[in-house]
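Engineer: Before we start, here is the structure in question, set down as structure tokens.
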Amino acid sequence: MRYAYAVQFSAEPEGVTVTAPDIPELVTFGSTLEEALARAPDALVTALSFYTDDGRALPRPRCQGASTIAVPVLIAAKLALHEAMLDQRVTNVELGRRMGQSESAIRRLRDPLHRSHIGHVEAALHTLGMQIVTEIATYEKSAAA
């Protein structure tokens, strides 16, 4: 899955608000468009962390838009791990058993707000029969400031 979501901008008297139609939890603000865009990736990761914290499926990017915000590579891997565990009905405890890790270590691997090593997330995905495949794409400079 691609973890890139369309965003919308609303001009306010004090600046610019950024929202995402597919993720109602994503709301951020900046005094300028550039500042709002700079804050959008962190707001996206925070909004998606609400889903992982609650053990819920992530929203699928359905909306098309001229401007999209993508999560960093490590976060995408963590979100893929979260989704794979939900799809396969594998708990933190079970994945930890398979990998020789504690439940808390697995919980941290799934947490988008916790710093992890990409190799550890990759190993967890491998345990679930998955691999990371990287795609490099161009973007509109105005949307990815």
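Derivation of every value follows stated rules applied to the coordinates shown; laboratory data play no part. Everything numeric here is computed off the predicted structure, so don't read it as measured data. Cβ coordinates were reconstructed from backbone atoms using ideal geometry, including for glycine residues, and neighbour counts include every protein chain displayed.
Engineer: Scan (1) 16.3, 54; (2) 15.7, 46; (3) 19.2, 55 for the value of Rg and Dmax of the Cα atoms in Å calculated from this model and give just the label.
Structural biologist: Of the labelled values, this structure produces (1).
Engineer: Once the dipole of the chain is set up with Lys and Arg at +1 and Asp and Glu at -1 on Cβ about the Cα centre, which of I75, P41, G119 lies farthest towards its positive end?
Structural biologist: G119
Engineer: Tell me, in nm to one decimal, what length is gained between L33 and F50 on full extension, where the rule is 0.36 nm per residue of separation less the Cα-Cα distance?
Structural biologist: Value of the extension gain: 3.6 nm.
Engineer: Using the crude model of +1 on Lys and Arg Cβ and -1 on Asp and Glu Cβ, and no other charge, please compute the dipole size for the chain relative to its Cα centre, in debye to 20.
Structural biologist: Computed about the Cα centre, the dipole is about 560 debye.
Engineer: Tell me the relative contact order for segment 1-115 as a rounded percent, counting alpha carbon contacts under 8 Å between residues six or more apart.
Structural biologist: 25 percent
Engineer: Stokes-Einstein D for segment 1-52 at 10 °C, 1.306 mPa s, Kirkwood Rh over Cα pairs, in µm²/s?
Structural biologist: Here the translational diffusion coefficient equals 143 µm²/s.
Engineer: Still on this structure, please answer the following. Per Stokes-Einstein, at 37 °C and 0.692 mPa s, what whole-number D in µm² s⁻¹ belongs to segment 50-103, with the Kirkwood radius over Cα pairs as the hydrodynamic radius?
Structural biologist: 255 µm²/s
Engineer: Using Cα centres only, tell me the gap between segment 75-145 and segment 1-62 in whole Å.
Structural biologist: 20 Å
Engineer: Count the net charge of all other residues whose Cβ sits under 10 Å from the Cβ of P59, scoring Lys and Arg as +1 and Asp and Glu as -1.
Structural biologist: So the environment of P59 carries a net charge of +1.
Engineer: How far is it, in nm, from the label point at T17 to the one at E103 when both lie 7 Å from their Cα along the line to the Cβ?
Structural biologist: If labels sit at T17 and E103, their model points lie 4.0 nm apart.
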